[in-house]
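These notes concern the structure reproduced below.
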Amino acid sequence: MEGKTLKRKWAQISIMLFCLGVGIDLLSSLFTSREQQEFGLFVSAVQYTAGGMILMGLLFWPLMARCPHCGKRCRIPTWVYRKEYCARCGHVLPFDDGPLHEEELPLNRRGRVQLGRGWARLTLALFAVGFVCGAGGILTLILLVPRPQSADEFWALYETIQSIRDAGLYMFVTGCALLAAAVSVSRHLLRCPCCGEGAASPLQRRGQTRWCRGCGAALSFAGELEYESSV
């Protein structure tokens, strides 16, 4: 893979698919409940199409782009060229719309940044609990809410239905809040202080190094910095 350049057009296609999917989904949500009843099949097809486009937008770039030095899949696409480093090997990612030979410092001359391992553990804990709460809330709403077959049965189970729905919604909202907190901790407390673009991974094992994608600095946790092992 050495010498291969990444295609900017694949990044742009990925961004367009994601944005179009989000836009179509938002437009379909403007249909009133009456219109959805009249054009139910059409609205459902549009929403499924929008969901497929969003998923394709998220997956297309990682599937099409790999670091030519180590083979790691690229994650975040950009519309225009900017200098980026591979998080695993630390080399500059070559794009077909960028310089032919981008200068880069040797790995052992890069800046070294040590972050707190405690923040990584907190991020993982928040993510795990948030995922469990969110998934539990969704499963509660899908599987545990009674489905009465008549009006009399509905009113007889009304309080039970409301209680289960409230519990499911509270669990789901709590899960979303915890996931948002995990993202916030990761973005602010594990971020590279040199450039503010790259971030250490909370999944980094002891002794592993992650290279900042913005400035190429070596990101590790306090007392664990080793250049021999990288993610």
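Largest first, the residues Y85, Y170 sort by 1.4 Å accessible area into Y170, Y85.
A Förster distance of 45 Å, applied to the separation of the beta-carbon atoms of L169 and E103, puts the FRET efficiency at 0.25.
Sorting K9, K72 by accessible area (1.4 Å probe), largest first, what list results?
My answer, sorted largest first, is K9, K72.
Heavy atoms only, probe 1.4 Å: what % of the accessible area of the chain goes to carbon and sulfur, would you let me know?
Here carbon and sulfur together make up 63 percent of the probe-accessible area.
With K and R counted +1 and D and E -1, the other residues having a Cβ less than 9 Å from that of C67 yield a net charge of +4.
Take the chain with all the other protein chains still there, run a 1.4 Å probe, and you get 62 Å² of accessible area per residue. The length gained by stretching the chain between V80 and F154 to full extension, at 0.36 nm per residue less their Cα-Cα distance, is 21.0 nm.
Around L58, what is the net charge, scoring Lys/Arg as +1 and Asp/Glu as -1 over all other residues with Cβ under 13 Å from its Cβ?
With Lys, Arg at +1 and Asp, Glu at -1, the net is +2.
Taking each full run of DSSP H in the chain as one helix, which ones are at least 18 Å long along their axis (Cα atoms) and have mean Kyte-Doolittle hydropathy of at least 1.0?
8-28, 40-64, 117-139
Basic side chains Lys and Arg get +1 at the Cβ, acidic Asp and Glu get -1 at the Cβ, and with that the dipole of the chain about its Cα centre reaches some 1040 debye. Helical content alone sets the calculated 222 nm signal of the chain at -16500 deg cm²/dmol, taking -39,500 (n - 2.57) per DSSP H segment of four or more residues and averaging over every residue.
The values are calculated or read from the model by the stated rules, or taken from the named source; none is laboratory data. Here the structure is a predicted model, which is why all the values come from computation and not from measurement. In this analysis, Cβ positions are derived from the backbone assuming ideal geometry, glycine residues included, and neighbour counts consider all displayed protein chains. All accessible areas refer to the heavy atoms of the entire protein, side chains included, with ligands and DNA or RNA removed. Shrake-Rupley method; radii C 1.70, N 1.55, O 1.52, S 1.80 Å.
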